[in-house]
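To start, the structure itself, in structure tokens.
The values are calculated or read from the model by the stated rules, or taken from the named source; none is laboratory data. This structure is a prediction, so every number in the text was calculated from the model and none was measured. Methodologically, a virtual Cβ is constructed for each residue, glycine included, from the backbone with ideal geometry; neighbour enumeration extends over all protein chains shown. Just the protein is used for accessible areas: all its heavy atoms, side chains included, with ligands, DNA and RNA removed. Shrake-Rupley method; radii C 1.70, N 1.55, O 1.52, S 1.80 Å.
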Amino acid sequence: MQNDLEEIIKKLIFYSNDYDDLPDFLAHKKNKKNLWKLHFIISDLLLWQKTLFKENSTDVPCIFSCNQYYMQDYEITDYKNVIEDSEELSLIFIIKNDIIQLNPSLTSLQIIEIRQLIENLMATSFRVKNLEKIMK
């Protein structure tokens, strides 16, 4: 993987793990954007590439795939503002027809390496809701 790309991914992961560790390439968003929302978006983009199962908590049908992220209508503007306003994020993610995809310029090896970095370095925590429903 290119050193620049690896550095970008690591900075995103560190920010996902620590709200106060805002990457320098996103510092321009500090005054423009709600940092909590920015942190959520970055964490969600990384989590999308982590080996997890996501279940939609609404009744809106959706599909989760490691190749495409189908946004809910209320998410589209926020995600576009973050991804399209960052040259570094655009190296990894693109939005096409309101669907987030991995940048097609990434090689298969780069994608594997990105996912491995996320697996190894990103902290995750889980909250189980409706435990009774799961146990049935």
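Residues that are without any contact (Cβ under 8 Å) to a residue 40 or more places away in the chain and in contact with a strand residue (DSSP E or B) (Cβ under 6 Å, 6 or more places away or on another chain) within the range 85-110 comprise Ile94, Ile99, Gln101, Asn103, listed in sequence order.
For residues that are open to solvent by less than 60 Å² (accessible area, probe 1.4 Å), part of a helix (DSSP H, G or I) and either at pLDDT below 90 or within 18 Å of Lys50 (Cβ to Cβ) (or both), tally how many sit in the range 84-117. Here the count works out to 7. Taken over the range 7-44, residues that are buried (at least 18 other Cβ atoms within 10 Å of the Cβ) and in a loop (DSSP other than H, G, I, E, B) amount to 2.
Pairs linking a residue in the range 13-31 that is of a type outside the set (Val, Ile, Thr) to a residue that is assigned to a loop (DSSP other than H, G, I, E, B) and open to solvent by 90 Å² or more (accessible area, probe 1.4 Å), with Cβ atoms under 8 Å and 6 or more positions apart or on different chains, are Leu22/Lys30.
Of all residues being open to solvent by 40 Å² or more (accessible area, probe 1.4 Å) and closer than 19 Å to Leu5 by Cβ in the range 57-83, which is modelled with the lowest pLDDT? Just the residue, please. The extreme case among them is Cys66.
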